[in-house]
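Colleague: Shown below is the structure under consideration.
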Amino acid sequence: MTRTDTPPAWDERTQLTTFLDYARHTARAKRKDASAEGARTALLPGSPLMTLCGLINHLRWVEYYWFQVVFLGEEDEGPWMDEDPDREMRVAVDFPLKDLIAEYDEQAARYRELVAAHDLDTKAQRPIRDGRHVDLRWILLHLIEETSRHNGHLDIVRELVDGTTGA
């Protein structure tokens, strides 16, 4: 898939899904040619979970949570626990980055189909913390924001790991 933020059509759904895919592809580009060791290295003293592997795994599980748990109402089978709410970032160092990217890509393909099959006004099955049921449009906007914010983290971590910038 080509990395672009310019949608092929100007309807709302296409614009939202194009921007989410652009953010996803940017995350993937940030890890290109990173060494296995570098992908697991945490160089921010106050943020020991900020690794390339940890951030990619976090993005994967964030999408799982919003699409499967909140939107579809499925049981939450994420890796987090009350005593370790950021566990998805910690356990990521046990997996090769290429495997994490492959899972992220596979999952993104499933979620593209899910989004295509539902109206943007469809309400989530589960409420958010304040008790409201957000719609699919809000979830897409939230994931664009979340992924883009973490792309900034990926930028910083990658530059600290091996000096690579851009993408």
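Quick note: the coordinates plus some simple rules give every number you see, no bench work behind them. Remember, predicted model here, so these are calculated numbers, not experimental data. In this analysis, Cβ positions are derived from the backbone assuming ideal geometry, glycine residues included, and neighbour counts consider all displayed protein chains.
Colleague: Given the criterion closer than 18 Å to THR14 by Cβ and among the hydrophobic types (A, V, I, L, M, F, W, C), identify the matching residue among LEU100, LEU120. Step through it out loud before you land on a result.
Modeller: Numbers: LEU100 fails: closer than 18 Å to THR14 by Cβ.
Result: LEU120 is the single residue among LEU100, LEU120 that is closer than 18 Å to THR14 by Cβ and among the hydrophobic types (A, V, I, L, M, F, W, C).
Colleague: Hey, another quick one. For the stretch 1-118, give me every one of the helices (runs of 4 or more DSSP H) that falls completely inside it and has 2 or more residues that are loosely packed, with under 15 Cβ neighbours inside 10 Å.
Modeller: On the way: elements: 12-30, 36-39, 52-64, 87-90, 97-116.
Where helices (runs of 4 or more DSSP H) fall fully within the stretch 1-118 and carry at least 2 residues being loosely packed, with under 15 Cβ neighbours inside 10 Å, they are 12-30, 36-39, 97-116.
Colleague: While we're here: Could you grab me the full set of residues in the stretch 5-36 that are more than 17 Å from the chain's Cα centre (by Cα) and hydroxyl-bearing (Ser, Thr, Tyr)?
Modeller: Let us first name the residues in the stretch 5-36 that are more than 17 Å from the chain's Cα centre (by Cα), namely 6-15, 33-36.
THR6, THR14, SER35, listed by residue number.
Colleague: If you go through the stretch 141-155 one residue at a time, do you hit one that is surrounded by 14 or more Cβ atoms within 10 Å (Cβ to Cβ), more than 13 Å from the chain's Cα centre (by Cα), of a type in the set (D, E, K, R) and closer than 25 Å to ARG31 by Cβ? Working first, answer last.
Modeller: Taking the stretch 141-155 first, the residues surrounded by 14 or more Cβ atoms within 10 Å (Cβ to Cβ) are 141-144, 146-148, 150-151, 153-155.
Adding the requirement that they be more than 13 Å from the chain's Cα centre (by Cα) leaves 155.
Then drop every residue that is not of a type in the set (D, E, K, R), which leaves 155.
Still in the list and also closer than 25 Å to ARG31 by Cβ: 155.
Yes: the stretch 141-155 contains one or more residues that are surrounded by 14 or more Cβ atoms within 10 Å (Cβ to Cβ), more than 13 Å from the chain's Cα centre (by Cα), of a type in the set (D, E, K, R) and closer than 25 Å to ARG31 by Cβ.
Colleague: Can you confirm whether ASP5 is acidic (Asp, Glu), touching a residue at least 12 places away in the same chain (Cβ under 8 Å) and touching a Phe, Trp or Tyr at 6+ places or on another chain (Cβ under 6 Å)?
Modeller: Working: acidic (Asp, Glu): yes; touching a residue at least 12 places away in the same chain (Cβ under 8 Å): yes; touching a Phe, Trp or Tyr at 6+ places or on another chain (Cβ under 6 Å): yes.
It is true that ASP5 is acidic (Asp, Glu), touching a residue at least 12 places away in the same chain (Cβ under 8 Å) and touching a Phe, Trp or Tyr at 6+ places or on another chain (Cβ under 6 Å).
Colleague: Now a separate question. Just checking, does the stretch 141-151 include any residue being of a type in the set (Ser, Thr, Tyr) and touching a Lys or Arg at 6+ places or on another chain (Cβ under 9 Å)?
Modeller: First pass over the stretch 141-151, keeping only residues of a type in the set (Ser, Thr, Tyr): 147-148.
Okay, now just the ones that are also touching a Lys or Arg at 6+ places or on another chain (Cβ under 9 Å), so 147.
Yes, the stretch 141-151 has at least one match.
Colleague: Note down all Cβ pairs under 9 Å where the first residue falls in the stretch 37-55 and is closer than 10 Å to ARG158 by Cα and touching a residue at least 24 places away in the same chain (Cβ under 8 Å), the second is among the basic types (Lys, Arg) and outside any helix (DSSP H, G or I), and they're at least six residues apart or on different chains.
Modeller: As it stands, the answer is ALA39/ARG31; THR51/ARG40; LEU52/ARG31; LEU52/ARG40, since those pairs meet every condition given.
Colleague: Considering ALA167, ALA117, ALA109, ALA102, which residue is among the small types (Gly, Ala, Ser) and touching a residue at least 40 places away in the same chain (Cβ under 8 Å)? Outline the logic, then answer.
Modeller: Values: ALA117 fails: touching a residue at least 40 places away in the same chain (Cβ under 8 Å); ALA109 fails: touching a residue at least 40 places away in the same chain (Cβ under 8 Å); ALA102 fails: touching a residue at least 40 places away in the same chain (Cβ under 8 Å).
After applying the criteria, what remains is ALA167.
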